[in-house]
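Written below as structure tokens is the structure these notes are about.
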Amino acid sequence: MMFYTDGHLEDAQEMIESPKSPFNYRMEEKILLTGFPQTCLSMLQNHTTQFGGQLWHKSDDGKFVNCVLMAASKNMLQDFAIPTGYEVTDLTQSDVQLVMDTWKFAGKDSSMETYVKHLIRSRPSVKLKTDSGDCIGVMLQQYYGCIGMLYVYPQYRRKGFAKIIITSLAKTMFEIYSFVGVSIESYNKESMDLHTKCGFDFVEDGEVFWCYYSSPKSNK
């Protein structure tokens, strides 16, 4: 489990158990907790019961947002040819607004725009477009390592373009990593099926949760 705080990843166990834990002294800020197992969720709930603070980021049914992890190795990845008249490129800073407009978690928070700019500048990304420059879709590597933020414009769906985007980004990442992971909301069976067709498989015991934590001080 990793925490994302002020642009830095930190180990969960150390943060919770250390006497200098930010749960004790650095909670003027909101912390996004990413990709943690059920055991850590129970631990965090016990912490808020004992010391105060708030955990949130729940789905419509009142449960914390949970995802399943899938991963592919180089020899598992399927190959999908890019059709004539299309090309795959990296995203650039001129594509920031495009990503903000298509990413469902972007919202209106200015920090998200800063986050997207950072991803495009520092992480692998792909943009599939026509030779004339029309964007088909995009995908990026998230700060926690998994690929995500996949979007294909409606008029180009059901034509195999999503598989090209996913596998193109994975191929780029295999130049750096031995495997590529993706986290998918547990209700999104369509996305799971799509990634399975690309060569991804489910990670054993790969259910993880996302939520925010803020202290009593930050709630005042």
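The values are calculated or read from the model by the stated rules, or taken from the named source; none is laboratory data. Bear in mind that the values here come from a model prediction, so they are computed numbers and not experimental data. Cβ placement follows ideal geometry from the backbone for every residue including glycine, while neighbour counts extend to all protein chains displayed. For accessibility, only protein heavy atoms count, side chains too; no ligands or nucleic acids. Shrake-Rupley method; radii C 1.70, N 1.55, O 1.52, S 1.80 Å.
Considering every residue within the range 147-163, establish whether at least one is under 16 Å from the mean Cα position of the chain (by Cα), hydrophobic (A, V, I, L, M, F, W, C) and within 13 Å of THR89 (Cα to Cα). No, the conditions are met nowhere in the range 147-163.
Taking the range 160-220 as the region of interest, the helices (runs of 4 or more DSSP H) fully inside it that hold 3 or more residues being at pLDDT 95 or above are 161-173, 189-198. Within the range 112-133, the set of residues being closer than 17 Å to GLN78 by Cβ and either more than 19 Å from the chain's Cα centre (by Cα) or without any contact (Cβ under 8 Å) to a residue 24 or more places away in the chain (or both) comprises LEU128 only. If only residues of the range 119-133 that are out of contact with any Leu (no Cβ under 7 Å at 6 or more places or on another chain) and farther than 26 Å from VAL68 by Cβ are counted, the one that is least open to solvent (accessible area, probe 1.4 Å) is THR130.
Among the conditions (1) polar (S, T, N, Q); (2) surrounded by 17 or more Cβ atoms within 10 Å (Cβ to Cβ); (3) in contact with a Leu (Cβ under 7 Å, 6 or more places away or on another chain), GLN45 misses just one, which is (2).
If you check THR84 against the conditions, is it exposed (fewer than 14 other Cβ atoms within 10 Å of the Cβ), of a type in the set (Ser, Thr, Tyr) and outside any loop (DSSP other than H, G, I, E, B)? So THR84 fails the test.
Out of curiosity, is TYR153 surrounded by 15 or more Cβ atoms within 10 Å (Cβ to Cβ) and not β-branched (Val, Ile, Thr)? In short, no.
For every residue, the table says whether it meets (1) surrounded by 15 or more Cβ atoms within 10 Å (Cβ to Cβ); (2) touching a residue at least 60 places away in the same chain (Cβ under 8 Å).
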{"residue": "CYS135", "(1), (2)": "yes, no"}
{"residue": "GLY148", "(1), (2)": "yes, no"}
{"residue": "ILE165", "(1), (2)": "yes, yes"}
{"residue": "ALA170", "(1), (2)": "yes, yes"}
{"residue": "GLU175", "(1), (2)": "no, no"}
{"residue": "GLU190", "(1), (2)": "no, no"}
{"residue": "GLU204", "(1), (2)": "no, no"}
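If you go through the range 106-117 and pick out every residue that is open to solvent by 70 Å² or more (accessible area, probe 1.4 Å) and within 23 Å of THR172 (Cβ to Cβ), you end up with 1.
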